[in-house]
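Q: Handing you a structure now.
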Amino acid sequence: MADAVMFFIFMIPIYAVLIWTYFYPEESMLLGQRWMYKEEPEFTDDAIRYTKFGAVFGIFLLTMVFALYTIDHFMIRLFIILGFISFVIIGGYRLLQKYVDS
C-alpha cells in the first residue's frame, strides 16, 4: 500500500504538467524554445488539437497505470484496458478526421 501512495505522490507533478499542457497548449509547445523566436509564433489549430489530445492521452495513461497497479480484479482491469484502447482509437480517428477535412 505504501508503494501505491508513493507512486501517486510522484505522479502529481506529471499530472500538473499534463493539465497545464491541456489548458495552455501554445505555452507548453514553446517550453524551453521561446528563445529561438524573435516574434511570438502562431500555431495551427491542428497542432493545438494534437497537443491537447496528447495531454489527455497522457492523463488517461497515467490513471490507467495507477488503476491497474492498485486493482487486482481481472474484469475491472479488462474494462480499463478496453476503455483506454477505445479512447485511443476513437480519439485518434476524430483527430485524423478533422485533419483530413481541413
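Every read-out reported here was derived from the displayed coordinates using simple, explicitly stated rules and does not represent laboratory data. Since the structure is predicted, the reported quantities are computational estimates derived from the model, not experimental observations. Cβ sites come from the backbone with ideal geometry, for glycine too, and all protein chains shown count toward neighbours.
Q: What does the charge dipole of the chain about its Cα centre add up to, to the nearest 20 debye, if the Cβ of each Lys and Arg holds +1 and the Cβ of each Asp and Glu holds -1? Don't skip to the answer; put the middle values down first.
A: Details: 7 positive and 10 negative charges, 49 e Å.
Dipole size: approximately 240 debye.
Q: Right, something else. Can you classify the range 6-60 as rounded, prolate or oblate using the Cα gyration tensor, where a ≥ b ≥ c are the square roots of its eigenvalues, rounded means a/c under 1.5, and otherwise it's prolate if a/b beats b/c and oblate if not? Walk me through the numbers on the way to the answer.
A: Values: a/c = 3.96, a/b = 1.74, b/c = 2.28.
Verdict is oblate for the range 6-60.
Q: Now a separate question. Using +1 at the C-beta of Lys and Arg and -1 at the C-beta of Asp and Glu, which of 31, 41, 62 has the Cα lying farthest in the positive direction of the dipole of the chain?
A: Final value for the positive-end residue is 62.
Q: Separate question: In nm, give the distance between the simple-model label positions of residue 79 and residue 10, each being 7 Å from the Cα along the Cα-to-Cβ direction.
A: 2.9 nm
Q: Relative contact order of the chain, please, whole-number percent, based on alpha carbon pairs below 8 angstrom and at least 6 residues apart. Don't jump to the answer; show the numbers that get you there.
A: Values: 45 pairs, mean separation 31.7, N = 102.
Here the relative contact order equals 31 percent.
Q: Still on this structure: Distances over 25 Å make up what percent of all Cα-Cα pairs in the chain? Please list the in-between numbers first.
A: Values: 1843 of 5151 pairs.
Of all Cα-Cα pairs in the chain, 36 percent lie more than 25 Å apart.
Q: Would the range 44-102 count as rounded, prolate or oblate if I go by the C-alpha gyration tensor, calling it rounded below 1.5 in a/c and otherwise prolate when a/b exceeds b/c, oblate otherwise?
A: Working: a/c = 7.66, a/b = 2.26, b/c = 3.39.
Oblate, since a/c reaches 1.5 and b/c is not below a/b.
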